[in-house]
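Below: the structure, in structure tokens.
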Amino acid sequence: MKRALQLASVIVPVLFVFAASAPGAGDWPQWRGADRNGKAQFKAPAEWPGKITQKWKMAVGEGDSTPALADGKLYVFSREGGDEVTRCLDADSGKELWRDKYQTAAATGPAGRHPGPRSSPAVSNGKVITYGVRGVLSCLDAASGKVLWRKQSEPNGWPQFFTASSPLIADDLCIAQVGGKNDGSVEALDLGTGTQKWKWTGDGTAYGSPIVINVGGAKAIIAETDKRIVAIGLADGKLLWEKPYAGKGMGGQNTATPIFNDQILYYSGSGRGTTAAKLEKNGDAITATELWSNTDNSIQYNSPVLKHGFIYGLSDRNVLFCINAKDGKTAWHAPTAGMRGFGSVVDGGSVLLALTPAENLIVFEASDKAFKQLASYKVADSEIYASPVVAGNQVFVKDKDSVTLWTIQ
């Protein structure tokens, strides 16, 4: 099998070495936040205002990629003209500090309505990782935008509807699900040089994003591939556990990001409900014991959050739901305006926030008794497919072609 990624340019020497550091307070440095679980450090107001304040708005080009927030900088990945563009903005003012771009074709065919990037940047150790719709994987210097390394996929080295999986950074490795339906892989690359450390090739690539877990002291990557869910050793790429998990029919792809908490894995797929399984280390492998399966609520193009023992999400039927994480029983349902299962739910501490393509930010109580909306704000003039970036009293929203900073006071 050919390598899914090939070096497309000479690796640029790193002139400065950045020390590894934990994300700053309020940072949202990758897909689904600092711990990749949708939890934000949000400061809710004592009383919800009738409207919120638009602090700045900037046109950045098309794309559904959620920006990354780190150390007062907002990293935005989008498409302008014939280029995929990474911008570093001052988060407070929206001022552009640097940009990098490269020429590449857009998403086409059935996915052509969304031509720009869907994968979200990851920021760590002074570096920014981006992953374009046709498989261009880049590592940039976070301070200057200088290209440290860039890899180009093989021709047609992406899934049918192009890339959507967001890379992650862990233990000085860039972890990415690359390639296509028939020749996909999960790869670990040295963050500083782009050198491949390991490659797992057991299945095709889908659209969900991987997470890092720790089972009995063993670090592993949980990834939803084209036809299964797998656990792969972070250090060596060895398969530790797998479960068949293929979708059926149009819209049956694996697109959601799982949740892992207290050794329990929660995962969902369109038409397949939501499932909880306890993972345990068993010698050099991992075993899974299914705890429950809820057939009422299936995730399609978004990922739920776990809060105070309850799972909150948006189903493929455009219904907000709450599931008891202990027994899997549905606590409540609440229809909402959306589009074919798209949207996002963020844990805002004392409240939950939901954002769908319908352009409204919905604030609701974190309660298992019933859905109770606290506020709703119009935050865009075009459809929204990216997740909001929530920090302090700020909410960054990427719509079809712009980024807006809203403040809630």
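The values are calculated or read from the model by the stated rules, or taken from the named source; none is laboratory data. Remember, predicted model here, so these are calculated numbers, not experimental data. All Cβ positions, even for glycine, are placed from backbone atoms using ideal geometry, and neighbour counts span all protein chains on display.
Name the strands (runs of 3 or more DSSP E) wholly inside region 174-238 in which the number of residues that are more than 22 Å from I264 (Cα to Cα) and small (G, A, S) is 2 or more. I'd like the intermediate steps shown before the answer.
Working: elements: 185-190, 196-200, 211-215, 218-224, 228-233.
Where strands (runs of 3 or more DSSP E) fall fully within region 174-238 and carry at least 2 residues being more than 22 Å from I264 (Cα to Cα) and small (G, A, S), they are 185-190.
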*asked:* Checking V178 against (1) surrounded by fewer than 24 Cβ atoms within 10 Å (Cβ to Cβ); (2) closer than 22 Å to G247 by Cα; (3) within 19 Å of the chain's Cα centre (by Cα), only one condition comes out false. Which one?
replied: (1)
*Would you list the strands (runs of 3 or more DSSP E) that sit entirely within region 261-306 and hold 1 or more residues that are more than 21 Å from W31 (Cβ to Cβ) and in contact with a Ser or Thr (Cβ under 7 Å, 6 or more places away or on another chain)?*
274-282, 285-294
*Residues of region 70-98 that turn out to be surrounded by fewer than 16 Cβ atoms within 10 Å (Cβ to Cβ), under 16 Å from K146 (Cα atoms) and not hydrophobic (A, V, I, L, M, F, W, C), as a count*: 1
_Matching residues, region 289-323, being crowded, with 18+ Cβ neighbours inside 10 Å and at positive phi_ = N318
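Give me a count of the residues in region 299-342 that are among the polar types (S, T, N, Q) and touching a residue at least 40 places away in the same chain (Cβ under 8 Å). Write out each step before concluding.
The initial filter retains those residues of region 299-342 that are among the polar types (S, T, N, Q), namely 300, 302-303, 315, 318, 324, 330, 336.
Narrowing further to those that are touching a residue at least 40 places away in the same chain (Cβ under 8 Å): 300, 302-303, 324.
Final tally of qualifying residues: 4.
Condition check: closer than 16 Å to P258 by Cα and not in a loop (DSSP other than H, G, I, E, B). Does G328 satisfy that? It would help to see each step written out before you state the result.
Details: closer than 16 Å to P258 by Cα: yes; not in a loop (DSSP other than H, G, I, E, B): no.
No, not satisfied.
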*Somewhere in region 296-317, is a residue modelled with pLDDT under 95 and closer than 18 Å to W200 by Cα?*
no
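Taking the options A122, A107, name whichever one is aliphatic (A, V, I, L, M) and farther than 18 Å from F396 by Cα.
On the way: A122 fails: farther than 18 Å from F396 by Cα.
Within the list A122, A107, the selection yields A107.
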_Unmet criterion (only one of (1) surrounded by fewer than 22 Cβ atoms within 10 Å (Cβ to Cβ); (2) out of contact with any strand residue (DSSP E or B) (no Cβ under 8 Å at 6 or more places or on another chain); (3) among the basic types (K, R)) for R118_ = (1)
_Failed item in (1) part of a loop (DSSP other than H, G, I, E, B); (2) in contact (Cβ under 8 Å) with a residue 24 or more places away in the chain; (3) of a type outside the set (A, V, I, L, M, F, W, C), with G50 passing the rest_ = (2)
*Kindly provide the set of residues from region 249-260 that are surrounded by 14 or more Cβ atoms within 10 Å (Cβ to Cβ) and either among the aliphatic types (A, V, I, L, M) or in a strand (DSSP E or B) (or both), ordered by number.*
A256, I259, F260
*Can you tell me which residue in region 324-350 is modelled with the lowest pLDDT, limited to those that are within 19 Å of the chain's Cα centre (by Cα) and at positive phi?*
R340
